[in-house]
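No value in this document is a laboratory result; all are computed from the given coordinates. What you are looking at is a predicted structure, and each value in this text was computed from that prediction instead of being measured. Positions of Cβ are backbone-derived with ideal geometry, glycine not excepted, and every protein chain shown enters the neighbour counts.
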Amino acid sequence: MDRVERYRSTARQALVALLRETGSPRTLHRLRTHLRRLQAYLELAGEVEQARLLSDRVSGLSRLRTLHVFERYLTTIDAPAKDIRPVARCIAKVTRKVTHSHVYEDLIEQLDRLQIRSAAIPPRWMQERLRLSRMQHAEAVRKLIREATAHPRRRCLHALRLRIKSIRYQEEWADSRSGRARDLLRILKHAQTVLGKYEERVQFTKLATKMELRSVCTVDKDRRRARKRARTLPSHLMTIVERLRVKAMQAREDGAMPRRTQRARAYAG
């Protein structure tokens with residue numbers, strides 16, 4: 001079983017667990033992560049419509065995931081039980097809504113219908129898709145870095161995080177075939193963590209304010225700290241642009257070389 005099929009299999013197993021009410025917040029997180037990985041691969045393979053449908057499904061589970069993480073976060077800051085109870089009630093309410101809407105059953109059906117042609121796609125065609133994707137990602141990240149450095153607004157930082165997430169998942173798939181992207185993956189993961197924490201803290205502050213929690217000041221203070229880290233990050237991310245461009249150029253050179261030369265380089269590298 002190749003990595004893409006493992007993504008689908010893991011996502012399906014998580015869905016079955018959630019349907020049996022044995023799924024934990026960790027199970028929901030595993031489901032969303034592997035669906036995003038599938039989405040990134042489908043985008044790379046040119047299956048735009050399938051990727052869009054999958055993205056819509058994942059987005060429909062975002063509120064429940066945010067509430068799960070918020071509840072755990074409140075325990076780490078020693079929030080009073082009076083703050084945690086309304087969050088738990090909200091989780092129960094959203095969980096019932098997801099269950100009654102048959103979201104998990106529909107997702108299983110969608111995964112079963114998903115046309116994944118990873119084994120049938122010619123390697124050279126996919127290599128060219130990856131090369132073009134890297135060039136497009138590099139240019140998009142360059143522009144976002146420039147904008148975020150000059151005007152580090154949340155909208156731009158959020159767009160940068162989403163782009164980095166897509167790059168990371170596509171590079172994870174590529175790395176499973178070559179094993180040469182570990183340094184880039186570490187940079188991408190760190191950037192995704194920093195930017196993701198800021199976005200989380202924004203959502204937490206909104207929830208704490210809406211629920212009138214006693215911990216709202218602590219939550220907002222964490223949001224400001226996370227914002228400061230996120231705003232200083234973009235100026236350090238040009239390495240991502242450079243690495244993607246180098247990889248794209250290497251792919252072009254490899255595609256132009258005779259197969260015997262390619263095998264020699266692979267053996268030597």
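Here are the numbers for this structure:
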{"item": "Relative contact order [Cα under 8 Å, 6+ residues apart], the chain, whole percent", "result": "21"}
{"item": "Label-point separation in nm, residue 75 to residue 101, each point 7 Å along Cα→Cβ", "result": "2.6"}
{"item": "Relative contact order %, segment 1-121, counting alpha carbon pairs below 8 Å whose residues are six or more apart", "result": "28"}
{"item": "Proximal lysines to residue 82, defined as alpha-carbon separation beneath 22 angstrom and excluding residues fewer than eight positions away on the same chain", "result": "93, 206, 210, 221"}
{"item": "Where Rh is the Kirkwood radius over Cα pairs, Rg/Rh for the chain", "result": "1.01"}
{"item": "Segment 51-109: proportion of alpha-carbon pairs further apart than 19 angstrom, %", "result": "39"}
{"item": "Under Karplus coefficients 6.51, -1.76 and 1.60, residue-wise ³J(HN,Hα) of segment 199-205 in Hz, glycine/proline x", "result": "4, 4, 5, 4, 5, 4, 5"}
{"item": "Kirkwood hydrodynamic radius of segment 6-55, Cα pairs, Å", "result": "11.1"}
{"item": "Reach of residue 165 by Cα under 23 Å, taken over lysines that are not fewer than 8 positions away in the same chain", "result": "143, 189, 197, 228, 247"}
{"item": "Table column - 3J(HN,Hα) (Hz), segment 206-214, Karplus curve with 6.51, -1.76, 1.60, x for Gly and Pro", "result": "4, 5, 4, 5, 5, 8, 6, 6, 5"}
{"item": "Residue-by-residue Karplus 3J(HN,Hα) for segment 38-54, coefficients 6.51, -1.76, 1.60, Hz, glycine and proline x", "result": "4, 4, 4, 5, 4, 4, 5, 7, x, 8, 5, 5, 4, 5, 5, 4, 5"}
{"item": "Area projected by the alpha carbon convex hull of segment 96-218, averaged over all directions, nm²", "result": "11.5"}
{"item": "Radius, Kirkwood style, for segment 15-170 when every pair of distinct Cα atoms is counted (Å)", "result": "18.0"}
